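Engineer: A single structure is presented below for examination.
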Amino acid sequence: MSDEQIIHLIHKYRSSTLSETEELAFFSWYAEVDPGEFHRILQQAGEVDYEPASPVFLSSLEERLQHKEAVVRKMPILRRAAAAAAIIVLGTTAWYVFKPDRRQVPPIIAAKVNDVQPGKSGAVLTLANGQVIALDSAGNGVIANQNGTTVTLNNGSLHYNADNAAAVSYNMIRTPKARQFQLQLPDGTTVWLNAGSSLKYPTAFTGKERIVSITGEAFFDVAKDAAHPFVVEVADQVKVQVLGTQFNINAYPDEKQIRATLLQGSIKVNKDAAAVVLQPGQQAQVNDEITVNRNINTSQVSSWKDGVFNFDDLGVEAVMRQLARWYDIEVVYEQGIPTNRFYGEIGRNLSLAQVLEGLKLSGVHFRIEGKRLIVLP
């Protein structure tokens, strides 16, 4: 939040006029702020167009910073859970929400009656013989044995052991909307699948290369094996080659480009005759050709696997696509797509209405109708 937004919340706190959302935002900031930064903000608090805060009040508030954990603990549990949604500061429109002596922004209501719960861990596994296993409901233990390769489910994570493999077959794992999943391939590579994605892979790696193919989005932590490069095929047009590294691939059909983002190591991205080699912190963006963005916020790219939406500097369409996949909803724009941009992080464990409580500070209006999210002007 900007200094002016924080100062505005301080003055509203002083006058006991904080709304529930503002209170969540204030206490979330208050619990994390550094004492030096807090003192700097208080020094500015008397310089805006409000009734000046008394020195006694400011001194008292500053003293409470020493006990900020106790202050935060007084917040009801459910409201603390929603604090991640309230703290988000979204776009330039939000500036008018907090700026003094400006027009009032109409209240924005995110309907909670028709709330939608967040996604969870789960996937559908298709074995080589065509058998389909819903991993959401399968119990722990060995769930399949394919030509000597055992497949084990352990607390929501799938593991392959190919030590006794006699032949190679192929499996497919798919995450519907509102699901994500983690698995370990036969070579020890760990893969996280985001909602609405799929991964095809062999039950044992026996060739010169370790080849898999994906749709949607996946994060790879590749087991090192210099003699057998790891290759990810994307949409029959892009190949990502790697020896041992961490990277994310976003290849949803409704996205404008395929994006391969490198966090550690080195990867080579190929399309037709073109190829680029990425260094950590770079992203290959593939349309008709390959371009490289050399200044990527890698934590934003991979935050989904850690249970966080990172909406920093994203437009409405990009954010709504993420919500549609995770909450399995249809997004409808009633009167065109707003031009607001969003900033901040929100937990993916929150309900849709809780997320919208944060997003509404941007000035974008929402309405939930069953499994439809209506975006208003």
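The values are calculated or read from the model by the stated rules, or taken from the named source; none is laboratory data. If you're wondering where the values come from, they're calculated on a predicted model, not measured in any experiment. Here Cβ is always computed from backbone atoms with ideal geometry, including for glycine, and neighbour counts include all displayed protein chains. Surface areas here come from the heavy atoms of the whole protein model, side chains and all, with no ligands, DNA or RNA. Shrake-Rupley method; radii C 1.70, N 1.55, O 1.52, S 1.80 Å.
Engineer: For the range 183-226, max minus min Cα coordinate along each principal axis, in Å, sorted largest first?
Structural biologist: 30, 16, 14
Engineer: Another question, then. Please list, in order along the range 272-289, the HN-Hα scalar couplings obtained from phi with the Karplus expression 6.51 cos²θ - 1.76 cosθ + 1.60 (θ = phi - 60°), rounded to whole Hz, x for Gly and Pro.
Structural biologist: 6, 8, 8, 7, 9, 10, 9, 10, x, x, 10, 9, 8, 10, 10, 10, 6, 9
Engineer: Quickly work out the Asp115-to-Gln237 label distance, labels modelled 7 Å from Cα along the C-beta direction, and quote it in nm with one decimal.
Structural biologist: Modelled inter-label distance: 4.2 nm.
Engineer: Rg/Rh for the range 137-294: what does it come to with C-alpha atoms and Rh from Kirkwood?
Structural biologist: In the range 137-294, Rg relative to Rh is 0.97.
Engineer: Right, next: On a C-alpha basis, how far is the centre of the range 242-257 from the centre of the range 350-375 in Å? Whole number, if you could?
Structural biologist: Distance between centres, Cα-based: 28 Å.
Engineer: Give the Rg/Rh ratio for the range 240-377, taking Rg as the radius of gyration of the Cα atoms and Rh as the Kirkwood radius, to two decimals.
Structural biologist: Rg/Rh: 1.02.
Engineer: Tell me, in nm to one decimal, what length is gained between Glu255 and Asp272 on full extension, where the rule is 0.36 nm per residue of separation less the Cα-Cα distance?
Structural biologist: 4.1 nm
Engineer: To continue, here is another question. With the Cα gyration tensor of the range 120-186 in hand, convert its eigenvalues to equivalent ellipsoid semi-axes via √(5λ) and list them largest first in whole Å.
Structural biologist: Semi-axis lengths for the range 120-186 are 20, 12, 10 Å.
Engineer: Based on the alpha carbon coordinates of the range 216-285, what radius of gyration and maximum Cα-Cα distance (Dmax) apply, in Å?
Structural biologist: 11.3, 36
Engineer: Given a Förster distance of 22 Å, report the FRET efficiency between Ser157 and Lys177 from their Cβ-Cβ distance, rounded to the nearest 0.05.
Structural biologist: Step by step, r from the Cβ atoms, then E = 0.60.
Engineer: As a quick test, which of the pairs Lys177/Lys208; Lys208/Lys256; Lys256/Lys305; Lys120/Lys256; Lys177/Lys224; Lys224/Lys305 have an alpha carbon distance above 29 angstrom in this structure?
Structural biologist: Among Lys177/Lys208; Lys208/Lys256; Lys256/Lys305; Lys120/Lys256; Lys177/Lys224; Lys224/Lys305, the Cα-Cα distance tops 29 Å for Lys177/Lys208; Lys208/Lys256; Lys177/Lys224.
Engineer: If DNA, RNA and ligands are ignored and the probe is 1.4 Å, what is the ranking of Arg367, Arg348, Arg294 by accessible area, most exposed first?
Structural biologist: Arg294, Arg367, Arg348
Engineer: If you wrap a convex hull around the C-alpha atoms of the range 176-255 and split its volume per residue, what is the figure in Å³?
Structural biologist: Dividing the Cα hull volume of the range 176-255 by its residue count gives 83 Å³.
Engineer: Compute the orientation-averaged projected area for the range 257-323 from the convex hull of its Cα atoms and round it to one decimal in nm².
Structural biologist: One quarter of the hull surface, i.e. the mean projection, equals 5.0 nm².
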